[in-house]
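The next block holds one structure in the form of structure tokens; read it before the comments.
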Amino acid sequence: MKTIISLSTRLIPRHYLQHVSHFFLRIFSLFLRGNKFEDPINGKTYRKLLPYGRINSRENAIAPDSMSLERHRLMWLFMKEKTNFFTNNLKFLHIAPEYCFIKMFKGMKNLDYTTGDLISPWADVKMDVHDIPFEENSFDVVICNHVLEHVEDDHKVMTEFYRVMKPGGWGIF
């Protein structure tokens, strides 16, 4: 399995993987059930998680039902324990939306949820983070995970995030 995941993530473009991988992983997850690991995003438990990584694969990285990685599960716990994300009515911009979050966030009644990306098949708005197409002070929360290392001008992008964030808003970048 480790070899299949490693080869797939290296050879198949990410936006194609995003369309099909969740179907296969949900089926495979039935064979991983147990009580050693818990995915806080959906509460499911596993005896082991799947490996992930393009070159140096990490053991126990992907929770197969939600397709969450370690960073996603940590973000979920941070937002749950340290923020108003699950309790307040918030206007929320999610850049490069991760599959593990989309359905959950769309189902949350307290969120006015907008996704944006250049190529993601799940984005509501096709956009470049260097020129975000929203007015100033539009969002209470902005999340942009695992993107800044890919942009041309990170200072410009951070300026754009700050511009569209309401005073007192917060973000994860």
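The values are calculated or read from the model by the stated rules, or taken from the named source; none is laboratory data. Remember, predicted model here, so these are calculated numbers, not experimental data. Please note: Cβ atoms are built from the backbone with ideal geometry, for glycine as well, and neighbour counts cover all protein chains shown. To get the accessible areas, we keep the full protein, side chains included, count just its heavy atoms, and leave off ligands, DNA and RNA. Shrake-Rupley method; radii C 1.70, N 1.55, O 1.52, S 1.80 Å.
Give, to the nearest whole percent, the P(r) tail of the range 35-82 beyond 19 angstrom, counting all Cα pairs. Don't jump to the answer; show the numbers that get you there.
Numbers: 260 of 1128 pairs.
In whole percent, the long-distance tail amounts to 23.
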### Task
Could you tell me which of rounded, prolate or oblate describes the range 47-108, using a ≥ b ≥ c as the square roots of the eigenvalues of the alpha-carbon gyration tensor, with rounded for a/c under 1.5 and, failing that, prolate when a/b is larger than b/c and oblate otherwise?
prolate
### Task
Would you kindly derive the ³J(HN,Hα) couplings of the range 30-36 from the backbone phi angles with the Karplus curve 6.51 cos²θ - 1.76 cosθ + 1.60 (θ = phi - 60°), listing them in order in whole Hz, with x for Gly and Pro?
4, 8, 10, 4, x, 10, 7
#### Entry: Label-point gap, in nm, between Lys48 and Val125 - each point 7 angstrom along Cα→Cβ
4.4
### Nonlocal amide H pairs with Leu49, under 5 Å, H built at 1.01 Å
Asn60
## Note on the structure
Here the convex hull volume per residue of the range 120-160, taken over Cα atoms and given in Å³, is 91
### Query
Considering the dipole of the chain built from charges on the beta carbon (Lys and Arg +1, Asp and Glu -1) around the Cα centre, which of Thr45, Asn56, Gly34 is farthest to its positive end?
Gly34
### Task
Just add up the charged neighbours of Val164: K/R +1, D/E -1, any other residue whose Cβ is under 9 Å from the Cβ of Val164.
-1
### Message
Given bins 10 angstrom wide, list per bin the percent of all Cα-Cα distances in the chain, short to long.
### Response
9, 35, 35, 18, 3
### Message
Probe of 1.4 angstrom, ligands and nucleic acids ignored: what's the accessible area per residue over the chain, in square angstrom?
### Response
58
### Task
Tell me what the chain gives for mean residue ellipticity at 222 nm when only DSSP H runs of n ≥ 4 count, each as -39,500 (n - 2.57), the sum divided by the residue total, rounded to 500 deg cm²/dmol.
-10500 deg cm²/dmol
### Query
How large is ³J(HN,Hα) for each residue in the range 152-159, as worked out from phi by the Karplus curve 6.51 cos²θ - 1.76 cosθ + 1.60 (θ = phi - 60°), to whole Hz, x for Gly and Pro?
6, 9, 5, 5, 4, 5, 5, 4
## Note on the structure
Which residues qualify? For Asn137, with a placed amide H closer than 5 Å and at least 5 residues away or on another chain, they are Val164, Met165
## Note on the structure
Most packed first (mean Cβ within 10 Å per residue), the peptides 161-168, 127-134 order as 127-134, 161-168
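Would you mind telling me the share, in percent, of accessible area of the chain contributed by carbon and sulfur at probe 1.4 angstrom?
Numbers: 5670 of 9980 Å².
Roughly 57 percent of what the probe reaches on the chain is carbon or sulfur.
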#### Entry: Gain on full stretching of the segment that runs from Asn88 to Met158 - 0.36 nm per residue minus C-alpha separation
22.8 nm
## Note on the structure
Sorted largest first, the Cα spans of the range 72-173 on the principal axes come out in Å as 34, 30, 22
